[in-house]
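Only one structure is covered here, and it is reproduced in the block below.
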Amino acid sequence: MALGRGEVGRLSQAQITRAFPKILSDLERMSLAGAALELVRGTAPVRAADARVFSATVGMLEAFDQAEVARNEMLLAFALRLIATLGFAPRLDMCGRCGKRAPVEKPAYFDPGMGAVVCRDCGGGRLKLSADARARMTACFSGTWAEAAHDAWPKAVFTEARKATVGVLSEHLGREVDLLSTYQ
């Protein structure tokens, strides 16, 4: 690709090296993959090649293509993986103010603006995340993100994780993010 006049690029040649036939033949998969690609476009730096973001994106397309059923949890898990790859994953294991460990078996209060849980001694956060939501979100940061989203999450856990993820993305990007609002 070469830049033409202004911001418009010019593509002189392309070759398909990998196809994703299940995505192309299923509207639900196509919608979720499209939303994930929009998220990449909105979060990744413009014209800055990043092998980690590219790898995560290809992994997302493979997961949507190979899954028995495309799930909303997969898009949420990819969003979490993407923000971790870009370096602003939420801190879910300790207070973002004082560093006190958050017990893994208990709920914790989360502050999207800080991108971290905040203990009660430090004032807490506006969102309450169950232990299950924090564990599932944390699993999405690592190589197991597609496995973490393979099965349906309990609705309450999904809602908690979605609100926290949207809050972090919105704060980081400086604009409201509408992740999965049409799938509720």
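Calculated from DSSP H runs of 4 or more alone, at -39500 (n - 2.57) each and per residue, what is the 222 nm mean residue ellipticity of the chain, nearest 500?
Using -39500 (n - 2.57) per qualifying helix, the result is -14000 deg cm²/dmol.
In the chain, what is the count of Lys pairs whose alpha carbons are under 19 Å apart, counting only pairs at least 8 residues apart or on separate chains?
Values: 100/128; 106/128; 106/155; 106/163; 128/155; 128/163; 155/163.
Final tally of qualifying lysine pairs is 7.
From the phi angles alone, apply the Karplus equation (6.51, -1.76, 1.60; θ = phi - 60°) to segment 112-122 and give each ³J(HN,Hα) in whole Hz, x where the residue is Gly or Pro.
So the Karplus estimates, Gly and Pro as x, are x, x, 7, x, 7, 6, 10, 5, 4, 4, 9 Hz.
For the Cα atoms of the chain, what angle does the longest principal axis make with the long axis of helix 155-173, in degrees from 0 to 90, nearest 10?
The two axes meet at around 70 degrees.
Does anything in segment 78-121 have its amide N under 18 Å from the 7 Å Cα→Cβ label point of residue 131, and if so which residues?
92-95, 101-110, 117-120
Only Cα pairs under 8 Å and at least 6 apart count here; give the relative contact order of segment 17-183 as a rounded whole percent.
Relative contact order here is 21 percent.
For residue 176 and residue 152, what is the calculated FRET efficiency with R₀ set at 30 Å and r taken between the beta-carbons, to the nearest 0.05?
Step by step, r from the Cβ atoms, then E = 0.65.
Going toward the positive end of the dipole of segment 56-137, with +1 on Lys and Arg Cβ and -1 on Asp and Glu Cβ, which of 72, 84, 98 do you reach last?
Farthest towards the positive end: 98.
Which length gain, in nm to one decimal place, applies between residue 105 and residue 19 when the Cα-Cα distance is subtracted from 0.36 nm times their residue separation?
Separation in residues times 0.36 nm, less the Cα-Cα distance, equals 26.8 nm.
Where nothing but the Cβ of Lys and Arg (+1) and of Asp and Glu (-1) is charged, how large is the charge dipole of the chain around its Cα centre, in debye to the nearest 20? The partial results should precede the final answer.
On the way: 24 positive and 20 negative charges, 103 e Å.
Using only the charged Cβ atoms, the result is roughly 500 debye.
Give the range of the longest stretch in the chain that excludes all GluC sites (Glu not before Pro) found in loop regions by DSSP and having at most 10 other beta-carbon atoms within 10 Å.
Numbers: sites that count: 7, 68, 105, 176.
The longest such stretch corresponds to 106-175.
First select every other residue whose beta carbon is under 14 angstrom from the beta carbon of residue 144; then total the charges, Lys and Arg +1, Asp and Glu -1.
-1
5 Å is the cut-off here: which amide hydrogens, built 1.01 Å from N in the peptide plane, fall below it relative to residue 128, excluding neighbours closer than 5 in sequence?
110
Counting other C-beta atoms within 10 Å, which of 43, 165, 57 has the fewest, and how do the rest follow?
Working: 43 18, 165 24, 57 21.
Ordered by Cβ neighbours within 10 Å, fewest first: 43, 57, 165.
So how much slack lies between residue 51 and residue 144, counting 0.36 nm per residue of separation and subtracting their Cα-Cα distance, in nm?
Here the segment from residue 51 to residue 144 would lengthen by 31.6 nm.
May I ask you to derive the relative contact order of segment 113-184, considering only C-alpha pairs under 8 Å and at least 6 residues apart, and to give it as an integer percent?
Dividing the mean separation by the residue count of segment 113-184 yields 30 percent.
What is the spin-label model distance, in nm, from residue 30 to residue 159 if the labels are put 7 Å beyond Cα along the C-beta direction?
Spacing of the two 7 Å Cα→Cβ label points: 3.2 nm.
Here, each number is a calculation from the coordinates, and none is a lab measurement. Keep in mind that this is a model prediction, so the values were computed, not measured. Note that we place each Cβ from the backbone using ideal geometry, even for glycine, and neighbour counts take in every protein chain shown.
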